[in-house]
Structures are given as C-alpha cells and as structure tokens.
Amino acid sequence: MLYSKKTPEQKRRELREMLVPGAARQFPGAFNPLSARLIEEKKFDGVYISGAVLANDLGLPDIGMTTLTEVAARGGQIARMTDLPCLIDADTGFGEPMNVARTIQELESAGLAGCHIEDQFNPKRCGHLDGKNMVDLDTAVKRIAAAADARRDPNFLVMARTDLRAVEGLAAAIDRAKALVDAGADAIFPEAMKDVAEFEAVCKAVNVPVLANMTEFGKSDLFTRDDLAAAGVAMVIYPVTLLRSAMGAAERVLDAISADGTQKAAVPEMLTRARLYELVDYEAYNQFDTGIFNFQVPGLDITSNNANL
C-alpha cells in the first residue's frame, strides 16, 4: 500500500550486495509505477528504468530530448512504488560535468538506487542503432569522475555505459571500460555486444560488475540468464520488453474495437478488475477508511477479508 517500505538507502545497499559476477540478476524495465509493482510481485531482483521508455512514453524518440527534471520525476514515481532497487538510465548526464554532478544528486533525492551514464553526445542514439556519435576518452572520463564525486550516498551506484563497441570494436570498448572504472565507475554497461564471448571478455577485463542489455530487435541475440551468468555477467536488463508488450496489446485491442465495434473478443486477454485492484492493494486502504473497499469485485472473494465491515 502507498509506497515502498524500504528507504532508498536500504535499496542502494541491497543493489550493491546483489551485483556479483555471475549472478546475472534480472531487472525487467518498468514503464510506469504499477508495472514496477508487478515486477516485484513476480519476484525479480530489481527494476530498470529505460531512457528510451521514458522518452517514448512522452511520444518522443530516444535522442536525448528528455530533461533531467522529467527523468528524475518519473524515475522517482516508479522507485517509490517498489521495495526493489531501481537502476535508471541517465543518458549522457544531461550536460557537462557540472550538469552530471547535479544529475546524480537529483536522482539520489528521487530515491533511485543507481544510474548509468553513457559516452555518446547529443543528439544521441539508441545503443543498438548504427552511426552513434562518441565523445573522446577525456570527456567520458570526466563525466564519470564528476558523477562519482557528486554522490552523497556512497552506495548510490554509478555505472558507466560505453557504446564504443559498435564504432571502434571490442578492444577499444574494453580499454575505455577500464578507464571508466579507474575514473570511479562502480559497474560497466558494455552496449551492443555481438555474442556471449564478448560479454565474457569484458567481464574478465574489469574488476567491477558488468550489465548485459537483452533488448529485442537489437544487435545482441536474446541470450538466456544461464548463458550470461556463465559469462560472468552480474545484471541483465530487459529495458523495453514490457512497454512493447503493452503497446502491442493496446494496438490489437484498438484494431478489434475498430473491426468488431466492441472490445468483447479481447476481454479474455485483459487484466481483470479484480487483478488490477489486487495490484494497487485497494483493500488495504480500508485501514484508513472502512468505506473505501466495502463492495464486491467480480472474480474476487472479499468476504473473509472484509468481515469487519
């Protein structure tokens, strides 16, 4: 009910503890607060908040058009609805090192457990598209150093993402990852790896946890958790999976309404009213006011739970 029972500080400590090589902790991407609650209920390890999802949800492409205010606000709404740690995509840090420092503190204040900052420059591109614009090593290092120095909670995770693999090859990406670790990165996100062997090479090259991005329709195959664990990966994200699934379902229902004049054929695929009320913990609000949940929900037996009404 209401918000998470855990403090941001607790969640940050738990994130640090769970990120060990080979753990392959699974972080599905939430596209709104309620989906974060569902991720928690399904007993995943954590929640990922994708910059692409935040932009797309606003009807924008993932090219760096969202602002720090928008990202921190939405990230905070999602993070406070779950006891799981939330890792958020901070794109390029929203500016120069001074802006990166402010980004870290705003995300800390919003209750996030950590973020990642990448080495592209605006207009940036999705990590699985060609033609990415990369900053030089000095700029990339200064961003991460500023991020690491700015945090007030030492457990706030600063992850460095490098997109260099698709531009200059694996060896260059590994060299940059090492430099970013030296600059203060707590973890590495090597984007657009070709195969499991490349993930393994990165894991062996750096002494910090490594993230694997299992996004659909990208440059990496959709490897299993076991495959990635064997390679030494600490965290696996599924950034846009739930948004794509939800929007795909929404499109099919709209097509059905258009074709049939009713949504009736699509109802069996929908979340029921009873299940939705269960997810939002509607009944629990009776502790404040017993008139809130004193009705019968189709498909949900509330007799025993509401015997005191």
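The values are calculated or read from the model by the stated rules, or taken from the named source; none is laboratory data. Remember, it's a predicted structure, so these values are computed and weren't measured experimentally. Glycine gets a Cβ as well: all are built from the backbone with ideal geometry, and neighbour counts include every protein chain shown.
Tell me which residues, restricted to the stretch 233-281, are outside any helix (DSSP H, G or I) and closer than 20 Å to V47 by Cα.
In the first step, residues of the stretch 233-281 are kept if they are outside any helix (DSSP H, G or I); the result is 233-240, 261-263, 270-272, 280-281.
Hits for the stretch 233-281 are V233, A234, M235, V236, I237, Y238, P239, V240, V280, D281.
Give the residue, chosen from L222, L211, L228, that is part of a loop (DSSP other than H, G, I, E, B), among the aliphatic types (A, V, I, L, M) and under 24 Å from the mean Cα position of the chain (by Cα). If you could, list the steps in order and put the result at the bottom.
On the way: L211 fails: part of a loop (DSSP other than H, G, I, E, B); L228 fails: part of a loop (DSSP other than H, G, I, E, B).
Step by step, each of L222, L211, L228 is checked, and only L222 is part of a loop (DSSP other than H, G, I, E, B), among the aliphatic types (A, V, I, L, M) and under 24 Å from the mean Cα position of the chain (by Cα).
Using the structure shown, decide if G127 is assigned to a loop (DSSP other than H, G, I, E, B) and either in contact with a His (Cβ under 9 Å, 6 or more places away or on another chain) or modelled with pLDDT under 95 (or both). Show your work before the answer.
Details: assigned to a loop (DSSP other than H, G, I, E, B): yes; either in contact with a His (Cβ under 9 Å, 6 or more places away or on another chain) or modelled with pLDDT under 95 (or both): yes.
Answer is yes for this residue.
Test M134 against the stated conditions and say whether it is buried (at least 16 other Cβ atoms within 10 Å of the Cβ), under 21 Å from P28 (Cβ atoms) and among the hydrophobic types (A, V, I, L, M, F, W, C). Steps first, please.
On the way: buried (at least 16 other Cβ atoms within 10 Å of the Cβ): yes; under 21 Å from P28 (Cβ atoms): no; among the hydrophobic types (A, V, I, L, M, F, W, C): yes.
Taking the combined requirement at face value, the residue does not satisfy it.
Just to be sure, is F217 in a loop (DSSP other than H, G, I, E, B), touching a residue at least 40 places away in the same chain (Cβ under 8 Å) and of a type outside the set (D, E)? If you could, list the steps in order and put the result at the bottom.
Working: in a loop (DSSP other than H, G, I, E, B): yes; touching a residue at least 40 places away in the same chain (Cβ under 8 Å): yes; of a type outside the set (D, E): yes.
Spelling it out, F217 is indeed in a loop (DSSP other than H, G, I, E, B), touching a residue at least 40 places away in the same chain (Cβ under 8 Å) and of a type outside the set (D, E).
Please find, among R273, R244, R252, the residue that is out of contact with any Lys or Arg (no Cβ under 8 Å at 6 or more places or on another chain) and closer than 25 Å to Y3 by Cα.
R273
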